[in-house]
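> I have a structure here, written as structure tokens, and I will follow up with some questions on it.
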Amino acid sequence: MAEPFGKAGLKGQRFDTVLIANRGEVAARIQRACRELGLKTVAICSEADRQAPYGNAADTFMCIGPANAAGSYLNQNAILLAAHLTGAGAIHPGYGFLSENAVFSEAVERAGLAFIGPEASSIAAMGDKISAKRAMILAGVPCVPGPDTSLPDDSASVEQIAEEIGYPVIIKAAGGGGGRGMRVVPHAGKLHEAIALTREEARQAFGSPALYMEKFLQHPRHVEIQVLCDNNGNGIWLGHRDCSMQRRHQKVVEEAPAPGIFSETIEPVASACMEACRQIGYRGVGTFEFLYENGAFYFIEMNTRLQVEHPVTEMTSGIDIVQAQIMVAQGFPLEMRQDDVACVGHSFECRINAEDHESFLPSAGTISDLALPEGPNIRIDTHIHAGYRVSPYYDSLIAKLIVHAPTRAEAMAKMREALAATRIEGISTNLPLLRMLFEDEGFARGETDIHYLEQWLRKRRAA
């Protein structure tokens, strides 16, 4: 992979041991990156993950709490104590759990440790969707039509905002994410009910009832721009991804680059994203997420963490994104400039979940047998093995299958072969669904939007 950094650290914190504050596939991925950089690792676990295979590969493996994530992977005090007891100099939060928690980021650095991620101020600014939209408008990033303020309490004002935007509109929680805290309003008669329901959901899920309103786009694609910034004001973007294959706002298949989007269309948007990074003093890796419809981009949010789908960008750009996060935290300067970035070929990622492929109910249990594909430009990111027990307590993602080829058609063919060679027995998985998707003609032609998969599923059930 390409080496984007210089050899001398300027701003940052040198460390030789990283505590991985996560579990599963991403914990194994971070551990591999650390080992390749010559760093020691501390793996933490809950009671349910005591047999995790990456624990044996870590220099230190420590149980910090019960299976309930609130007492373990979300327990900030326990994680900080584990770092203190093991002599870790840095904490990598992975994705999910505490990865976008500004309070945790600040606590880590207040404890004298390096947080492998952005500063707390950047996390907080981008975590609130209203302040994030305001920052994007200032930087010239195109946004979905709608005000950059939270919704007022009085009904008349809310009705006026909706009329000015034009129905359909979407109500979103300001502190939301992960597909939660949002409702589409097709006409004025549904407006107040949607606001009441979403406000209560936001209060319970995110601790804040603040909402905002935007135009609901009918047939958009979900397109992302990956950025990498150092501590010295330098930054680059590493191409783009399409994540439109979603079910209930959860991504199933991702690819890079996004098909049918040309450089003259995306380069001005990416340049505006880099300007936004400079304005907020962003460091590390991050992802700008957009809806793309009729040749136009509309910003929806920025993820201030490692993305699940980062491998497709690694495969096309040649840059190890996890290692880049660590090197930024150590203060290494980014020497690669935008003209040096060369994204080559096409990559797909399939998320393999422990779930029934028809009902989508989670499937816990022991993996009795396992066969994973091998070959050039085929990659598996996983923590599972034959005999591994899939826990009922956490996210159902158990593996990611990634392929790379010179063209999109060749990458699709390679993924079909790789999926056919993948076998996971003892539990239910979504492998049958993934195999069917890669035989779908509409997907093969790139004729998808964020509603495509759910419509495809409905048609199959009705047939």
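> Can you tell which of 87, 117 is in contact (Cβ under 8 Å) with a residue 60 or more places away in the chain, in contact with a strand residue (DSSP E or B) (Cβ under 7 Å, 6 or more places away or on another chain) and within 22 Å of residue 228 (Cβ to Cβ)? Before you say what the answer is, go through the steps one by one.
Values: 87 fails: within 22 Å of residue 228 (Cβ to Cβ).
Result of the check over 87, 117: 117.
> When only residues in the stretch 324-353 that are touching a helix residue (DSSP H, G or I) at 6+ places or on another chain (Cβ under 7 Å) and crowded, with 21+ Cβ neighbours inside 10 Å count, which is farthest from residue 100 (Cα to Cα)?
In the first step, residues of the stretch 324-353 are kept if they are touching a helix residue (DSSP H, G or I) at 6+ places or on another chain (Cβ under 7 Å); the result is 326, 341, 343-350, 352.
Applying the additional criterion that residues be crowded, with 21+ Cβ neighbours inside 10 Å yields 326, 346-350, 352.
Values: 326: 16, 346: 29, 347: 27, 348: 26, 349: 23, 350: 24, 352: 24 Å.
Per the criteria, the residue is 346.
> So, one more: Name the one entry in 68, 56 that is out of contact with any Asp or Glu (no Cβ under 6 Å at 6 or more places or on another chain), modelled with pLDDT under 95 and not acidic (Asp, Glu).
Details: 68 fails: modelled with pLDDT under 95.
Of 68, 56, the one residue that is out of contact with any Asp or Glu (no Cβ under 6 Å at 6 or more places or on another chain), modelled with pLDDT under 95 and not acidic (Asp, Glu) is 56.
> Would the stretch 4-14 turn up any residue that is under 23 Å from the mean Cα position of the chain (by Cα) and outside the structural domain of residue 98 (by TED's automatic domain parsing)? Let's see the steps before the verdict.
First pass over the stretch 4-14, keeping only residues under 23 Å from the mean Cα position of the chain (by Cα): 4.
Going one step further and asking which of them are outside the structural domain of residue 98 (by TED's automatic domain parsing), we end up with 4.
Yes, the conditions are met somewhere in the stretch 4-14.
> Here is a further query. Going through 174, 205 one at a time, which residue ends up being under 23 Å from residue 251 (Cα atoms), small (Gly, Ala, Ser) and part of a helix (DSSP H, G or I)? Outline the logic, then answer.
Values: 174 fails: part of a helix (DSSP H, G or I).
Step by step, each of 174, 205 is checked, and only 205 is under 23 Å from residue 251 (Cα atoms), small (Gly, Ala, Ser) and part of a helix (DSSP H, G or I).
> Moving on to the next point. Do you know which residues across the stretch 93-136 are closer than 22 Å to residue 322 by Cα and polar (S, T, N, Q)?
99, 101, 105, 121, 122
> A further question follows. Answer yes or no: is there a residue in the stretch 97-111 that is of a type in the set (Gly, Ala, Ser), over 15 Å from residue 19 (Cβ atoms) and under 20 Å from the mean Cα position of the chain (by Cα). Outline the logic, then answer.
Of all residues in the stretch 97-111, those of a type in the set (Gly, Ala, Ser) come to 99, 102, 105, 107, 111.
Next cut, over 15 Å from residue 19 (Cβ atoms) only: 102.
If we keep only those that are under 20 Å from the mean Cα position of the chain (by Cα) too, we end up with 102.
Checked the stretch 97-111: at least one residue is of a type in the set (Gly, Ala, Ser), over 15 Å from residue 19 (Cβ atoms) and under 20 Å from the mean Cα position of the chain (by Cα).
> A further question follows. Can you pull out every residue in the stretch 153-171 that is part of a loop (DSSP other than H, G, I, E, B) and either small (Gly, Ala, Ser) or at pLDDT 95 or above (or both)? First the steps, then the outcome.
Of all residues in the stretch 153-171, those part of a loop (DSSP other than H, G, I, E, B) come to 153-154, 166-168.
Those that are part of a loop (DSSP other than H, G, I, E, B) and either small (Gly, Ala, Ser) or at pLDDT 95 or above (or both): 166, 167, 168.
> Inspect all residues belonging to the stretch 105-113 and state whether any of them is of a type outside the set (A, V, I, L, M, F, W, C), touching a residue at least 60 places away in the same chain (Cβ under 8 Å) and part of a loop (DSSP other than H, G, I, E, B).
Just the residues of the stretch 105-113 that are of a type outside the set (A, V, I, L, M, F, W, C), to begin with: 105-106, 109-110, 112.
Next cut, touching a residue at least 60 places away in the same chain (Cβ under 8 Å) only: none.
No, the stretch 105-113 contains no residue that is of a type outside the set (A, V, I, L, M, F, W, C), touching a residue at least 60 places away in the same chain (Cβ under 8 Å) and part of a loop (DSSP other than H, G, I, E, B).
> Another question, then. Could you tell me whether the stretch 182-193 includes any residue that is in a strand (DSSP E or B), assigned by TED's automatic domain parsing to the domain that holds residue 279, in contact (Cβ under 8 Å) with a residue 12 or more places away in the chain and closer than 27 Å to residue 440 by Cβ? Before the answer, list the steps.
From the stretch 182-193, those in a strand (DSSP E or B) are 182-185; that's our starting set.
Add one more test, that the residue is assigned by TED's automatic domain parsing to the domain that holds residue 279, and what stays is none.
Checked the stretch 182-193: no residue is in a strand (DSSP E or B), assigned by TED's automatic domain parsing to the domain that holds residue 279, in contact (Cβ under 8 Å) with a residue 12 or more places away in the chain and closer than 27 Å to residue 440 by Cβ.
> Against the definition (out of contact with any helix residue (DSSP H, G or I) (no Cβ under 9 Å at 6 or more places or on another chain) and surrounded by fewer than 21 Cβ atoms within 10 Å (Cβ to Cβ)), how does residue 138 come out, yes or no?
Details: out of contact with any helix residue (DSSP H, G or I) (no Cβ under 9 Å at 6 or more places or on another chain): no; surrounded by fewer than 21 Cβ atoms within 10 Å (Cβ to Cβ): yes.
No, not satisfied.
> Go through the stretch 154-195 and report how many residues are among the small types (Gly, Ala, Ser) and loosely packed, with under 12 Cβ neighbours inside 10 Å. Explain how you work it out, then say what you get.
From the stretch 154-195, those among the small types (Gly, Ala, Ser) are 155-157, 162, 166, 173-179, 181, 188-189, 194; that's our starting set.
Narrowing the set further to residues that are loosely packed, with under 12 Cβ neighbours inside 10 Å leaves 155-157, 166, 178, 189.
Looking only at that region, the number is 6.
> Of all residues being among the hydrophobic types (A, V, I, L, M, F, W, C) and over 16 Å from the mean Cα position of the chain (by Cα) in the stretch 293-314, which is surrounded by the most Cβ atoms within 10 Å (Cβ to Cβ)? Just the residue, please.
Taking the stretch 293-314 as the starting set, the residues that turn out to be among the hydrophobic types (A, V, I, L, M, F, W, C) are 296-297, 299-300, 302, 306, 308, 312.
Keeping just the survivors that are over 16 Å from the mean Cα position of the chain (by Cα) gives 296-297.
Working: 296: 13, 297: 27.
Step by step, filter the stretch 293-314, then rank; the result is 297.
> Look through the stretch 389-444, keep the residues that are touching a Pro at 6+ places or on another chain (Cβ under 7 Å) and β-branched (Val, Ile, Thr), and return whichever of them is farthest from residue 243 (Cα to Cα).
So the residue we want is 422.
> Could you tell me which of the residues 407, 382 is more than 18 Å from residue 314 (Cβ to Cβ) and among the β-branched types (Val, Ile, Thr)? Before you say what the answer is, go through the steps one by one.
On the way: 382 fails: more than 18 Å from residue 314 (Cβ to Cβ).
That would be 407, the only listed residue that is more than 18 Å from residue 314 (Cβ to Cβ) and among the β-branched types (Val, Ile, Thr).
> Restricting to the stretch 115-131, count the residues that are out of contact with any His (no Cβ under 9 Å at 6 or more places or on another chain) and within 23 Å of residue 329 (Cα to Cα). Break it down into steps so the answer makes sense when it comes.
Applying the first criterion (out of contact with any His (no Cβ under 9 Å at 6 or more places or on another chain)) to the stretch 115-131 yields 118-131.
Checking the rest, the ones that are also within 23 Å of residue 329 (Cα to Cα) come to 118-127.
Residues flagged as out of contact with any His (no Cβ under 9 Å at 6 or more places or on another chain) and within 23 Å of residue 329 (Cα to Cα) within the stretch 115-131 amount to 10.
> Can you say whether residue 288 is within 30 Å of residue 120 (Cα to Cα), touching a Phe, Trp or Tyr at 6+ places or on another chain (Cβ under 6 Å) and not polar (S, T, N, Q), as far as the supplied structure shows?
Details: within 30 Å of residue 120 (Cα to Cα): yes; touching a Phe, Trp or Tyr at 6+ places or on another chain (Cβ under 6 Å): no; not polar (S, T, N, Q): yes.
Against the criterion (within 30 Å of residue 120 (Cα to Cα), touching a Phe, Trp or Tyr at 6+ places or on another chain (Cβ under 6 Å) and not polar (S, T, N, Q)), residue 288 does not qualify.
> Residues to consider are 316, 366, 382; find the one that is touching a helix residue (DSSP H, G or I) at 6+ places or on another chain (Cβ under 6 Å) and not aromatic (Phe, Trp, Tyr).
Details: 316 fails: touching a helix residue (DSSP H, G or I) at 6+ places or on another chain (Cβ under 6 Å); 366 fails: touching a helix residue (DSSP H, G or I) at 6+ places or on another chain (Cβ under 6 Å).
Only one candidate passes the filter, namely 382.
The values are calculated or read from the model by the stated rules, or taken from the named source; none is laboratory data. Note that the structure is a prediction, hence the values are computed from the model and not measured. Neighbour counts run over all protein chains shown; Cβ positions are idealised from the backbone, glycine included.
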